[in-house]
1. Based on the Cα coordinates of segment 1-59, what is the per residue volume of their convex hull in Å³?
2. Roughly what percent of Cα-Cα pairs across the chain reach past 30 Å?
3. Antiparallel versus total DSSP beta bridges in the chain: what percent is that, nearest 5?
4. How much accessible surface area, in Å² rounded to 10, belongs to the heavy atoms of residue 83 with a 1.4 Å probe?
5. Net charge within 13 Å of residue 9 by Cβ-Cβ distance, Lys/Arg positive one each and Asp/Glu negative one each, not counting residue 9 itself?
6. Put +1 on the Cβ of every Lys and Arg and -1 on every Asp and Glu Cβ in segment 22-108; which of 58, 23, 45 then has its Cα farthest towards the positive end of the dipole?
7. Just to confirm the number: angle between the C-alpha axis of helix 95-104 and the first principal axis of the chain, 0 to 90 degrees, nearest 10?
8. Once segment 27-128 is represented by equal point scatterers at the alpha-carbon sites, with solvent omitted, what log10 I(q)/I(0) does the Debye formula produce at q = 0.17, 0.24 Å⁻¹?
Amino acid sequence: MSEEKLYAVKNDEGLLLLYSEQGAPLWRVWGEMFADKPAAERAAHAENGHVFTVIEEPKKVVLSEKQAGIVEKARVSDIPATYISDHTDAYNCEESLLINAYVNGYTVEKEKKYNVKVPHTKDVWYFKESEAYLLTICPADDKKLRGKFTEAEIEHYGLQDCEKEEVTDDGK
């Protein structure tokens, strides 16, 4: 965020000061921005309003689901900063990233999913029967029937060396 500040003048009804082309004061839902605070204060005094600082909304950071979990648990913690500090090393993330997310908000990164092909086959794909079992499907022309695996699941099932293709939002 820039160190430069912008100021505006608001009246008691919450409307902002706007000068017409002729210089007449108008009160609108949008108004003048002043880079110079003394100029804003003079306008506020002259037009019976008050100055406020216009602040840009900070950008939300993107977190993994695990990182978001740390931030959410910190929200109910007695000492949020300590909770975040104590849990950053476990997930290889920067403490400042999680503090920023705690203060300014965050969005959760959507985890990529993949269809995984059975090795040494022409058109056979894996799908999950359960946490413990994988099955295969052939022919797999219908991509909806193929299993959708996260990187963690690919590692869990030992499929790292298999051919994979990313699943898009439309399921293709």
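The values are calculated or read from the model by the stated rules, or taken from the named source; none is laboratory data. Values in this document were obtained by computation on a predicted structure and should not be read as measured data. Here Cβ is always computed from backbone atoms with ideal geometry, including for glycine, and neighbour counts include all displayed protein chains. Note: accessible area is taken over every heavy atom of the protein model, side chains too, but ligands, DNA and RNA are not part of it. Shrake-Rupley method; radii C 1.70, N 1.55, O 1.52, S 1.80 Å.
1. Working: hull volume 5.3 nm³, N = 59.
Once divided by residue count, the hull of segment 1-59 is 89 Å³.
2. Working: 8096 of 14706 pairs.
So the portion of pairs separated by more than 30 Å is 55 percent.
3. Numbers: 21 of 24 bridges.
If I count the DSSP bridges inside the chain, around 90 percent turn out antiparallel.
4. Spelled out: residue 83, probe radius 1.4 Å, area about 50 Å².
5. Surrounding charge for residue 9 is -2.
6. The listed residue farthest towards the positive side: 23.
7. 60 degrees
8. With no solvent term, the Cα-only Debye profile gives -0.81, -1.19.
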